[in-house]
1. Suppose the filter is over 14 Å from K76 (Cα atoms), hydrophobic (A, V, I, L, M, F, W, C) and part of a strand (DSSP E or B); does L7 pass it?
2. Do we have any residue at all in the range 137-154 that's hydroxyl-bearing (S, T, Y) and either touching a helix residue (DSSP H, G or I) at 6+ places or on another chain (Cβ under 7 Å) or under 23 Å from T112 (Cα atoms) (or both)?
3. Only one of (1) under 22 Å from C14 (Cβ atoms); (2) in contact with a strand residue (DSSP E or B) (Cβ under 9 Å, 6 or more places away or on another chain); (3) in a helix (DSSP H, G or I) is not met by I140, so which one is it?
4. Tell me, which residue of the range 82-109 that is acidic (D, E) and open to solvent by less than 90 Å² (accessible area, probe 1.4 Å) is modelled with the lowest pLDDT?
5. Looking only at the range 143-155, how many residues end up being in a loop (DSSP other than H, G, I, E, B) and either charged (D, E, K, R) or open to solvent by 60 Å² or more (accessible area, probe 1.4 Å) (or both)?
6. Identify all residues within the range 106-126 that are assigned to a loop (DSSP other than H, G, I, E, B) and touching a residue at least 12 places away in the same chain (Cβ under 8 Å); write none if there are none.
7. Among the residues of the range 157-167, which ones are open to solvent by 50 Å² or more (accessible area, probe 1.4 Å) and either touching a residue at least 24 places away in the same chain (Cβ under 8 Å) or closer than 21 Å to E75 by Cα (or both)?
8. Provide a single number: the residues in the range 53-81 that are open to solvent by less than 30 Å² (accessible area, probe 1.4 Å), out of contact with any helix residue (DSSP H, G or I) (no Cβ under 8 Å at 6 or more places or on another chain) and under 16 Å from M35 (Cβ atoms).
Amino acid sequence: RGSLILLGESKAACFGKTMKEISMELDYRLIVIAMSGETPLRVSSGNQSDLWEHSFAIIKQSRPDVVVLAFSWLEKLKDDPERLSLTINELKPYVRNIILVTDPPYLPVEGTREAMRDGSRPPFFEDTAYTASWTRYNDIVKSMQGPGVTVVDVVPVFMKSSGEIAFSRSDGKQIF
């Protein structure tokens with residue numbers, strides 16, 4: 001009945017299974033445009049990347065009901081913070097709803113798979129200097145909230161009020 005496009009890089013790919021489940025529930029067609037380390041976002045000056053041009057062409061042609069953007073905002077906006085607003089403005093005429101997903105906290109070195117194989121265990125806390133850095137870019141994402149643009153803040157899912165990273169749910173299932 002409708003369509004959903006998941007646009008991003010590896011952060012978006014992490015949401016692929018969930019987006020598939022949501023699409024199936026809504027009877028939506030799902031298109032995933034996500035490449036690790038790549039950036040299908042518009043840039044403020046200079047030539048646009050081929051990935052942005054191809055992604056935008058797919059969006060213009062399919063005119064989806066929803067586009068979900070999920071990126072490592074810290075990495076993608078630090079050199080060009082305006083690229084998100086430029087992307088949104090270019091997408092709006094072709095998309096009914098744009099959903100932006102904030103960046104979750106980053107696991108410290110002690111929270112890696114390798115460290116856990118070597119005996120490291122939660123609780124894990126992120127370096128506060130790093131938290132301040134990605135929070136700044138999440139604030140840019142949150143400032144985009146408005147008509148046709150919804151922001152989903154995932155930080156409360158992944159970080160407790162104490163600053164501890166919520167590595168697993170209350171039933172023990174890992175969420176990170």
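1. no
2. First, pick out the residues of the range 137-154 that are hydroxyl-bearing (S, T, Y): 137, 143, 150.
Subsequent filtering for residues that are either touching a helix residue (DSSP H, G or I) at 6+ places or on another chain (Cβ under 7 Å) or under 23 Å from T112 (Cα atoms) (or both) retains 137.
Yes, there is a match, as at least one residue in the range 137-154 is hydroxyl-bearing (S, T, Y) and either touching a helix residue (DSSP H, G or I) at 6+ places or on another chain (Cβ under 7 Å) or under 23 Å from T112 (Cα atoms) (or both).
3. Going through (1) under 22 Å from C14 (Cβ atoms); (2) in contact with a strand residue (DSSP E or B) (Cβ under 9 Å, 6 or more places away or on another chain); (3) in a helix (DSSP H, G or I) one by one, I140 breaks only (2).
4. Going through the range 82-109, the residues acidic (D, E) turn out to be 82, 90, 103.
Next, only the ones that are open to solvent by less than 90 Å² (accessible area, probe 1.4 Å) stay: 90, 103.
On the way: E90: 95, D103: 90.
Among them, the one singled out is D103.
5. We begin by selecting, within the range 143-155, every residue in a loop (DSSP other than H, G, I, E, B); these are 143-145, 147-148, 153-154.
Now narrow it down to the ones that are either charged (D, E, K, R) or open to solvent by 60 Å² or more (accessible area, probe 1.4 Å) (or both): 143, 145, 147, 153.
Residues flagged as in a loop (DSSP other than H, G, I, E, B) and either charged (D, E, K, R) or open to solvent by 60 Å² or more (accessible area, probe 1.4 Å) (or both) within the range 143-155 amount to 4.
6. Result: Y106, L107, P108, P122, P123, E126.
7. The one that is open to solvent by 50 Å² or more (accessible area, probe 1.4 Å) and either touching a residue at least 24 places away in the same chain (Cβ under 8 Å) or closer than 21 Å to E75 by Cα (or both): V157.
8. Residues that pass the stated criteria total 1.
The values are calculated or read from the model by the stated rules, or taken from the named source; none is laboratory data. Please read these numbers as outputs of a predicted model, since none were measured by experiment. Note that we place each Cβ from the backbone using ideal geometry, even for glycine, and neighbour counts take in every protein chain shown. Please note that ligands, DNA and RNA were not included when accessible areas were found on the heavy atoms of the full protein model with its side chains. Shrake-Rupley method; radii C 1.70, N 1.55, O 1.52, S 1.80 Å.
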